[in-house]
Amino acid sequence: MPIWKNEMGVTPIQAGLLGSAGFFGFGLMALPAAIWLTKYNARKITLACALGMVAMAILQALATNSGVLLAGRVIFVVLTVARLQIQVMFFQQWFQPRLYSIANSIDFSSRTLGQVLATAITPVLAVMLGGWRHYYIGIAAAITALAVVWAFMGRERQRPARATASSASPAADAGNPARVLRKSKTLWLIAGCQMGQAAAFASIATFYPTYAIDRLGISITTAGLLMSLFPLGSIAGSIFSGAASQAVGLRKPFIWIPGVLLPAMYLAVLYAGSMPLIVLLLLASGFFSTVAGPVLFVVPLDLGLKPREVTVAFGLIRTLFPVGATIGPLFVGFVLQVTGSLLLGLSLVAPLAITLFIGGILLPETGPKGRRRAESV
């Protein structure tokens with residue numbers, strides 16, 4: 001953002017739009033992809049999405065104004081979330097139900113690792129390569145290489161039928177999977193409880209580097225390294241939560257506990273003046289910001305939904321989370337534009353992460369221990 005501000009004159013509201021563009025792309029495509037794209041060959045759709053992402057990375061590299069940059073970002077993420085929705089089908093093809101939570105943790109942590117690398121090295125490479133545009137060309141090259149690997153190694157697999165709803169035959173899984181949204185109120189609670197956390201998370205991720213540069217007087221490179229701590233903590237949270245939830249046999253504590261801690265941590269990092277304390281807070285808030293995610297994505301699988309219904313459930317989660325993540329940066333950008341205070345806007349959205357606590361309390365317990373208790377009653 002600081003580079004775009006200097007080079008293209010990006011305003012605070014435009015910065016909010018750019019910061020929320022990726023989340024908007026997620027919300028725009030998550031449900032349509034789950035309902036329509038899952039009817040087609042998953043391997044080919046995945047490859048097509050990857051090639052489209054290459055094109056959008058190049059478009060961003062060539063952007064001369066914030067409008068082109070915004071369009072490239074939105075379409076890039078639309079294709080990303082379409083690929084992620086198709087990925088759900090591979091999860092159910094390749095993993096036993098007892099491994100769903102661990103597989104989700106690996107998925108979350110690997111993507112978060114990418115975020116760590118990006119936030120840490122983007123400012124450095126932008127300087128080393130003589131500009132941020134070359135970095136986007138590098139992203140396009142990397143995705144192209146991965147697409148080639150997928151073209152040769154990507155496989156679909158049909159699992160033998162099991163006596164569960166999630167392993168239903170293709171005929172049993174036919175029809176409109178979106179009907180599950182009318183049948184299950186739990187899915188709306190799973191998706192909705194992340195909205196406040198999403199608003200706070202996206203706002204911190206978008207604006208804290210600028211805030212830290214102005215308040216602490218640090219360089220853009222240092223700010224990038226500092227922000228890499230946030231997703232670094234997220235990797236630990238993602239790896240921890242899936243395995244721990246399965247070991248404990250419960251889901252709910254891994255949702256409501258972050259909802260209690262995150263509002264205080266987000267506020268504390270804004271007002272902290274000590275660099276060691278900021279480092280600790282960014283690591284801790286990154287950790288707890290992703291503890292709930294892998295667990296929430298396991299709950300629809302726990303419920304025994306059909307494969308395409310699971311993708312719709314994931315699509316709902318990936319729709320409502322971005323709604324909050326879109327509103328948050330836009331609101332902070334508006335407050336900054338009107339009042340000139342970035343601290344005020346960030347302080348107003350930080351407490352919204354408490355929605356995880358509310359949802360975690362209200363959700364039914366679907367973990368192995370919770371199901372055993374329900375069956376014994």
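Where a number appears in this text, it was derived from the coordinates with a stated rule and is not lab data. The structure presented is a predicted model; accordingly, all values stated were derived computationally and were not measured. Ideal geometry is used to build each Cβ from the backbone, glycine not excepted, and the neighbour counts take in all protein chains shown.
Between W94 and T144, what length in nm is gained on full extension when 0.36 nm per residue of separation is reduced by their alpha carbon distance?
Difference between extended and current length: 15.5 nm.
Considering all projection directions equally, how large on average is the shadow of the alpha-carbon convex hull of segment 177-301, in square nanometres?
That works out to 8.6 nm², a quarter of the Cα hull's surface.
Taking 0.36 nm per residue of sequence separation and subtracting the Cα-Cα distance, how much length would be gained by fully extending the chain between A55 and I358, in nm to one decimal?
105.0 nm is the gain from fully extending A55 to I358.
Once R0 is set to 51 Å, what does the formula 1/(1 + (r/R0)^6) return for the Cβ-Cβ distance between Y40 and I13, expressed as a FRET efficiency to the nearest 0.05?
It comes to 0.85.
Give me the one-decimal Kirkwood hydrodynamic radius in Å for the chain, with the sum taken over alpha-carbon pairs.
It works out to 21.3 Å.
Rg(Cα) of segment 29-150 divided by 2.2 N^0.38 Å?
1.17
Let me have the 222 nm mean residue ellipticity of the chain computed from DSSP H runs of 4+ only, each contributing -39500 (n - 2.57), with the sum over all residues rounded to the nearest 500.
-26500 deg cm²/dmol
Against the empirical 2.2 N^0.38 Å scaling, what ratio does the C-alpha Rg of segment 212-277 come to?
1.42
Structure shown: which of K44/K183; K252/K306; K183/K306 lie over 20 Å apart, alpha-carbon to alpha-carbon?
Correct reply: K44/K183; K252/K306.
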